[in-house]
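> Pasting a structure below so you can have a look.
The values are calculated or read from the model by the stated rules, or taken from the named source; none is laboratory data. All values derive from a computational prediction rather than experimental measurement. Every residue, glycine among them, receives a Cβ derived from its backbone with ideal geometry; neighbour counts consider all protein chains shown. Ligands, DNA and RNA are excluded from the accessible area calculation, which covers all protein heavy atoms including side chains. Shrake-Rupley method; radii C 1.70, N 1.55, O 1.52, S 1.80 Å.
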Amino acid sequence: MPGKVITMQKAIELVEPGCMLALGGMTLYRRPVAFVKVLIQRHHLPGKPLDLTLLAFTAGYESDLLVGSGLVSKVRTCYFGLEIFGFAPMFTEFSNNGLIDIIEETETSISMGLRAQMASVGFMPGLGWLGTDLLRLRPDVRTIIDPYSGEELVAFPSIQPDVAVIHALKADQDGNAQIGDNKGVDIELSLTARKVIITAEEIVPELSKADLVSPCVHAVVLAPKGAAPTSCHPIYPLDAEAILEYTEQVSDQVSFEAYLSRHI
């Protein structure tokens, strides 16, 4: 196909060692699982660490695969888990053993950081975090005085992912895409990341409307069932049995490697 359509193998080459990788979707909905699996296939090798900083508004199954594969050194998210299925086993294992750095985030700090980047400024002021211990945990987040009211505010630093991967219901060959009603912060990611990759259930000649627009998108990849086993409403639901199988079979690095050998 012409336009911005490339193969999945070409798309993962855009993820370079040490970069900040942002994953779109929410919890167990519309996650770029197919992209993550191919990234693991390419880089889950001895002596080839990617040393990624993983940014996700909420992190789930796909993020746990990345952490367990040793491709992530830092995590930035306000939630990491599998909803009613419990804890994310590899994130729990790695964090409990000090194998990854966790940068404390909340919904406010991520959304404000992305908004700052969208506005091309170094920070976005707000009232969030005042009176909490989060400022002690994040010394890089500072307070300022509003020059007009004299009020104390928190200055949330801007966030710019190097690569954002967002799974879409439909996309055209130029990169316009529809992502459904549960958008999370995907629009913000598409406007702030240096490179934006869309994986799509379907590539169509033209869209009547778009949530993500072509000028922000660098590559489009055809990926039917690319969010499975997470859901991609209204195309297919969450595969609860597959998520439950993951939580039942994976508890440590040995069981995770066995899971990878069967599923990836």
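> For region 123-264, what is Rg from Cα atoms divided by 2.2 N^0.38 Å, rounded to two decimals?
Rg over 2.2 N^0.38 Å, computed on Cα atoms: 1.41.
> Still on this structure, please answer the following. May I ask what percent, to the nearest 5, of DSSP beta bridges between residues of region 159-264 are antiparallel?
25 percent
> Further, regarding this structure: For residue 225, go through the aspartates and glutamates and keep the ones whose alpha-carbon is under 18 Å away, minus same-chain ones fewer than eight residues off.
Straight-distance partners of residue 225: 62, 172, 201, 202, 239, 241.
> Still on this structure, please answer the following. To the nearest 20 debye, what charge dipole does region 1-64 have about its Cα centre, counting +1 at the Cβ of each Lys and Arg and -1 at the Cβ of each Asp and Glu?
Roughly 240 debye, rounded to the nearest 20.
> Using the Cα centre of the chain as origin and beta-carbon charges of +1 (Lys, Arg) and -1 (Asp, Glu), tell me which of 90, 50, 28 is placed farthest towards the positive end of the dipole.
50
> Okay, next question. Measuring from centroid to centroid over Cα atoms, what is the spacing of region 89-156 and region 27-88 in Å?
Using only Cα atoms to place each centre, the spacing works out to 21 Å.
> Mind checking the dipole of region 131-208: about its Cα centre, +1 per Lys or Arg Cβ, -1 per Asp or Glu Cβ, Debye to the nearest 20?
320 debye
> What's the Cα-based Rg to Rh of region 1-151, Rh via Kirkwood?
Across region 1-151, the Cα-based Rg/Rh ratio is 1.02.
> Let me ask something else. Taking the Cα atoms of the chain alone, what are Rg (to one decimal) and Dmax (as a whole number) in Å?
Here Rg and the maximum Cα pair distance are 18.5, 60 Å.
> Taking the solvent-accessible surface of protein heavy atoms with a 1.4 Å probe, what is the per residue accessible area of the chain in Å²?
On a per-residue basis, 45 Å².
> Only Lys, Arg, Asp and Glu count, each charged at its Cβ (+1, +1, -1, -1), so figure out the dipole size of the chain about its Cα centre, rounded to 20 debye.
640 debye
> While we're here: For region 12-99, which whole percent of the accessible surface, found with a 1.4 angstrom probe, sits on carbon and sulfur atoms?
It is 55 percent, rounded to a whole number.
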